[in-house]
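One structure is given here, and the rest of the page talks about it.
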Amino acid sequence: MDTMMGLINLEHEHHIFNELTYFRNGSSIPFGGRYRMIDFALSNMVNSGVQEVAIFARSKFRSLLDHLGTGENWSLDRRNGGLYILPPDWNDPTDMSRGDLQFFHNNRDYFRRGKSSYVLISGSQFISNTDYHDAFKFHLDRKADVTLISTKIEELQPEHNSYFRIESDDIGWVKNITNDRKNPTLFTGVYIINKELLMEIVDDCIAYNNNHFFVHGIKERLADLKVQTYRHRGYSAFVNTIESYYRQNMKLLAEENYRELFYQPTFIRTKISTSPPVKYRKDSVVKNSILANGCTIAGEVEDSILFRGVSVKKGTTIKNSIIMQRCTIDEGVYLENVILDKDVHVTEGQRIIGSKDKPYVVAKRQTV
Amino acid sequence: MEEIIGMLLAGGEGKRLGALTNNIAKPAVPFGGKYRIIDFTLSNCTNSNIQTLGVLTQYSPLELNRHIGNGKPWDMNRGTGGVSVLSPYTAKNGGDWYSGTADAIYQNIHFINQHNPEYVLVISGDHIYQMDYQRLLEQHKANNADATISVIEVPWEEASRFGILNTTESLRIYEFDEKPLNPKSNLASMGIYIFTWETLKAYLIKDAQKKSSSHDFGKDIIPAMLDNDLRLYAYQFDGYWKDVGTIQSYWEANMDLLDEDWGQALNNKNWKIYTNDSNFPPQFIGEGAVVHHSLVNSGCFVYGTIESSVLFKNVVVERGCVINQSILHQGVKIGKNTTLERVIVMENTEIPEGTSIRISEKEEPLVINQEILSGMLTLSGEEI
């Protein structure tokens, strides 16, 4: 049976999340009340039958390592295969590779030893709940070299600017990969490639001193490769800035989006912790919000997302905000359009109001 | 050699819990929005650094076995020790079901001998409490005791409902009265014992040979030890403790979690209650929802009003519903405009739109599952 092995390549992700990425890389930013950004790519791979996943992680990956652990929560703690977190460590004096080719070069064994003949590659900033079985079947049926997963955006936003656009013919052969901002068909950064071909491209790219596997190895060699595109339908989001992060989290407060992302037969998996159910006190008022376990609510929460273990004291109002793990909001506080990173303590009587387009962000572990 | 190992009696059928224990053992009954009753004792063991635990199962053990698994949620998946599920078995000489609490331990003497502990902690999986068993052990050692029994002070007027231990001022037990008419003390046994293993083993073997014995710790072993003037001491516990043996007490214990002081215990960083967790997404609280004084677990969709209730995972409460003082187990779906008061709804039950079930304060809360529900609907022609 044909199978895929997985690769989550964090090398070329955009890390423009200001306060949220002071202490972590973009892939481990908390998202959606309970998850981290990388959970979506990782869960989609596992839910697509991938049983070995490698992660290219270059910097600030302490929290990523903590989150992933042995991979147990994604059923990736396996005797054969499983999870490989590949840090940037090399001492080969003859190594001439650059950019993400360094990762490929230094981890050839992962690909060589893997049992699969196909590789499913992804970043961490395309958020969806997708089973790639159909895309894989499509890849095999068409006998393609590479299949790029694309999605059509209804309303183009600034966060979409940095993504490649795909031009294809009627039956999905890719003719061009462009930066044409008017083209709403975006490349999601998720693609399937034949393993042998991947290894060849890696060698070629290194030989020509290239530093970007996808750009130099696939985009620039488009004419020589059989590249297909497969359209992803349904709810998805690109998250690569504070603004897109805030907007896409808020969109989950619309029930249909919440259901499409979280309530598919295959759930998004994440690091499981032991938190008790949410505790509502006598006078709590909660409306149109998403709350994770371990929260204690005595105040008012409206149109907001609360991560695990948040405490909202009496007489406090929280609106249109994202409150991450273990924040404590004391009595008489008013928060609107605010993002609080983990472990923030807001003291009694504070008022913090951001704008809808530019939410006010408080970095991790601050007392305000 | 290990200093102490735990033996957890989890075979109880829990007859008085009615439909709640139709297919599962009492310790596996869901509790507190995401736990099972046994999680409290399992977590007590983990938090008390008991590293070897035998769990004795008997009645409908599937759910319980699946829940415990290899013990991972309680950090009991260890190379040596850890958790072992001990079910009755047949051997060359035939083999038997466990016929009493003492018999269950007797039949697993070989298991305890393998670990060769100095002390054995005997507990059961059907009480809700948080206790550091190490403190019990410390006192046991300080008294140079043969057995130490944990006791809790009950109101004097209720003392005749319990097994009452009569002690000297230094808490040495000289008498055990099962449900005494005129109690001499208000110290009730909690069914938590530490025994010095060599002593207990001798008594278990002797008791097993006694045909007339009911092979029970409270009825046989403890009285026999007292008869022989062994050093038995009481350990006084003053925290929250609840036997969830009846539907009324099960309901009460769930409601107690809504109480500010005791309920916080679930969220105590130094004494976590561990359980097998799930991948359900965070709960979704809709536009018109009202939630007060309640516990709500992940995967729930709430559009109606929830007052003083406990919702397990993946419960849906539609618009116009009023759920009051009720417990909704996982996967329960409540149709629009339904009113429930003092009701316990079992796993995956779907309550049709417009249903109204209210149980008064004087009655025991009502347990319903799909079967009971369809019976009720036929009886009353859609109007309950």
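The values are calculated or read from the model by the stated rules, or taken from the named source; none is laboratory data. Model, not experiment: these values are computed from the prediction. Positions of Cβ are generated from backbone atoms using ideal geometry, with glycine treated the same way; all protein chains shown enter the neighbour counts. Surface accessibility is based on the protein's heavy atoms, side chains included, excluding ligands, DNA and RNA. Shrake-Rupley method; radii C 1.70, N 1.55, O 1.52, S 1.80 Å.
Rounded to whole Å, the principal axis extents of the Cα atoms in the range A:208-283 read 67, 28, 26, largest first. Quick one: in the protein assembly as shown, what % of C-alpha pairs are over 41 Å apart? Roughly 43 percent, once rounded to a whole number. More than 13 angstrom separation, counting every C-alpha pair in the range B:161-213; what % is that? Of all Cα-Cα pairs in the range B:161-213, 67 percent lie more than 13 Å apart. Between B:K179 and B:W262, residue separation times 0.36 nm minus the direct Cα-Cα distance comes to 27.1 nm.
Filter the GluC sites (Glu not before Pro) in the range A:1-85 to those in DSSP coil with at most 15 other Cβ atoms within 10 Å of their Cβ, and list the result. Let's see the in-between values first.
On the way: sites: A:E11, A:E13, A:E19, A:E52, A:E72; in loops: A:E11, A:E13.
Counting only loop positions with at most 15 other Cβ atoms within 10 Å, none of the GluC sites (Glu not before Pro) in the range A:1-85 qualifies.
Within the straight-line cut-off of under 17 Å between alpha carbons, the lysines reachable from A:K226 are A:K137, A:K143, A:K175, A:K195, sequence neighbours fewer than 8 places apart in one chain being disregarded.
Close amide H partners of A:D180, meaning residues 5 or more places away or on another chain with modelled amide H under 5 Å apart, are A:R165. Comparing B:T246, B:Q264, B:L226 along the charge dipole axis of the range B:122-275, the residue lying farthest to the positive side is B:L226, per the Cβ-charge model.
Relative to the current alpha-carbon distance between B:S214 and B:D132, full extension at 0.36 nm per residue lengthens the span by 26.5 nm. Averaged per residue, the range A:55-179 has 50 square angstrom of accessible surface, using a 1.4 angstrom probe with ligands and nucleic acids left out.
In the range A:279-362, how does Rg compare with the Kirkwood Rh, expressed as the Rg/Rh ratio over alpha carbon atoms? Answer for the range A:279-362: 0.92.
Let me check something: with ligands and nucleic acids excluded, how do B:Y89, A:Y258, B:Y98 order by accessible area (1.4 Å probe), largest to smallest? Please list the in-between numbers first.
Values: B:Y89 90, A:Y258 0, B:Y98 25 Å².
Sorted by accessible area, descending: B:Y89, B:Y98, A:Y258.
For chain A, hydrophobic long helices are taken as DSSP H runs at least 15 Å long by C-alpha position along their axis with mean Kyte-Doolittle hydropathy of -0.5 or more; these are A:195-207.
About its Cα centre, what dipole magnitude does the range A:279-362 give when the only charges are +1 on Lys and Arg Cβ and -1 on Asp and Glu Cβ, stated in debye to the nearest 20? Before the final figure, lay out each step's value.
Working: 13 positive and 11 negative charges, 45 e Å.
That gives a dipole near 220 debye.
Of the beta bridges in the protein assembly as shown, as assigned by DSSP with both residues counted there, near 35 percent are antiparallel. Solvent-free Debye calculation, one equal scatterer per alpha-carbon of chain B: log10 I(q)/I(0) at 0.10 Å⁻¹ equals -0.69.
Using a probe of 1.4 Å, the accessible surface attributed to A:M250 totals some 40 Å² when neighbouring protein chains are kept in position. The 1.4 Å probe gives accessible areas that order B:W251, B:W97, A:W173, A:W74, largest first, as B:W97, A:W173, B:W251, A:W74. Taking all protein chains together and a 1.4 Å probe, the residues B:S170, A:S128 rank B:S170, A:S128 from largest to smallest accessible area. The charge dipole of the protein assembly as shown, taken about the Cα centre with unit charges on the Cβ atoms of Lys, Arg (+1) and Asp, Glu (-1), comes to about 1280 debye, rounded to the nearest 20.
Report the FRET efficiency, 1/(1 + (r/R0)^6), for A:I272 and B:E169, where r is their Cβ-Cβ distance and R0 is 51 Å, rounded to 0.05. Numbers along the way, then the final one.
Values: r = 49 Å, r/R0 = 0.96.
The calculated FRET efficiency here is 0.55.
Here the extension length gained between B:D227 and B:N93 equals 45.0 nm, from 0.36 nm per residue of separation less the Cα-Cα distance. Take the alpha carbon atoms of the range A:270-288, find their center, do the same for the range A:1-56, and report the distance between the two centers in whole angstrom. Taking the Cα centre of each part, the range A:270-288 and the range A:1-56 sit 26 Å apart.
Of the DSSP beta bridges with both residues in chain A, give the percent that are antiparallel, rounding to the nearest 5.
Working: 21 of 71 bridges.
About 30 percent, rounded to the nearest 5.
Computed about its Cα centre, the charge dipole of the range A:4-262 is approximately 220 debye, with only Lys, Arg, Asp and Glu carrying charge at their Cβ. Amide H contacts of B:E175: B:N166, each under 5 Å away and 5 or more positions distant or on a separate chain (H built 1.01 Å from N in the peptide plane; Pro and chain starts excluded). Taking the charge dipole of chain A about its Cα centre, with +1 at Lys and Arg Cβ atoms and -1 at Asp and Glu Cβ atoms, the residue from A:N209, A:G99, A:V227 reaching farthest to the positive side is A:G99.
With θ taken as phi - 60° and the Karplus curve 6.51 cos²θ - 1.76 cosθ + 1.60 applied, the whole-hertz 3J(HN,Hα) list for the range B:345-352 is 9, 7, 2, 6, 6, 10, 9, x Hz, x standing for glycine and proline. Between A:R108 and A:E331, the distance separating the two model label sites (each 7 Å from Cα on the Cα→Cβ line) works out to 6.8 nm. Take the accessible area of A alone and of B alone, subtract that of the pair with a 1.4 Å probe, and the total buried over both chains is about 3400 Å². Picking from B:L366, A:I55, A:N179, whose Cα lies most toward the positive end of the charge dipole for the protein assembly as shown (charges on Cβ: Lys, Arg +1; Asp, Glu -1)? Farthest along the dipole direction, towards plus: A:N179.
Could you give the angle, 0 to 90 degrees to the nearest 10, between helix B:38-47's Cα long axis and the longest principal axis of the Cα atoms of chain B? The answer is roughly 60 degrees.
The Rg/Rh ratio of the range A:142-255, with Rg taken over Cα atoms and Rh as the Kirkwood radius over Cα pairs, comes to 1.02. The relative contact order of the range A:2-142 comes to 40 percent, based on Cα pairs under 8 Å that sit 6 or more residues apart. Counting only alpha carbon atoms, the long axis of helix B:370-380 and the longest principal axis of chain B meet at about 50°.
Just checking the listed ones, B:Y59, B:Y119, B:Y240: in the Gaussian network model of chain B with Cα springs under 10 Å, the one fluctuating most is B:Y240. Spread over its residues, the convex hull of the C-alpha atoms of the range A:4-262 is 129 Å³ per residue. Simple spin-label estimate for A:R78 and A:L140 gives 1.6 nm between the two label positions (7 Å along the Cα-to-Cβ direction from each Cα). Once backbone amide H atoms are built at 1.01 Å from N, A:S168 has A:K175 as its partners under 5 Å, excluding neighbours fewer than 5 places away on the same chain.
Remark: spin-label model distance B:E2-A:E167 equals 7.0 nm, labels positioned 7 Å along the Cα→Cβ axis.
Would you calculate the volume per residue, in Å³, of the smallest convex hull containing every Cα atom of the range A:184-334? Before the final figure, lay out each step's value.
Details: hull volume 26.7 nm³, N = 151.
Roughly 177 Å³ of hull volume per residue.
For the range A:279-362, lysine pairs separated by 8 or more sequence positions, or belonging to different chains, with Cα-Cα distances below 24 Å total 21.
Pairs of Cα atoms nearer than 8 Å and 6+ residues apart set the relative contact order; for chain B it is 14 percent. Distance between the C-alpha centres of the range A:194-223 and the range B:271-290: 45 Å, rounded to the whole angstrom. On a per residue basis, the convex hull of the C-alpha atoms belonging to the range A:103-196 measures out at 132 Å³.
The figure for B:I357 is an accessible area of roughly 10 square angstrom, using a 1.4 Å probe on the protein chains alone.
Derived scalar couplings between HN and Hα for the range A:10-17 equal 9, 4, 9, 6, 8, 10, 9, 9 Hz in order, rounded to whole Hz, by the Karplus curve 6.51 cos²θ - 1.76 cosθ + 1.60 (θ = phi - 60°), x for Gly and Pro. Counting only heavy atoms of the protein chains and using a 1.4 Å probe, A:D303 has close to 40 Å² of accessible surface.
With a Förster radius of 22 Å applied to the beta-carbon distance between B:E361 and B:W156, the computed FRET efficiency rounds to 0.30. Quote the FRET efficiency, to the nearest 0.05, computed for A:D2 versus A:T178 with a Förster distance R0 of 30 Å and r equal to the Cβ-Cβ distance. For A:D2 and A:T178, the calculated efficiency is 0.45.
With every protein chain kept in place and ligands, DNA and RNA left out, what is the accessible area per residue of the range A:279-362? Probe 1.4 Å, answer in Å². Before the final figure, lay out each step's value.
Values: 2880 Å² over 84 residues.
That works out to 34 Å² for each residue.
Rounded to two decimal places and with Rh computed the Kirkwood way over Cα pairs, what is Rg over Rh for the range B:192-314?
Using Cα coordinates only, the ratio equals 1.18.
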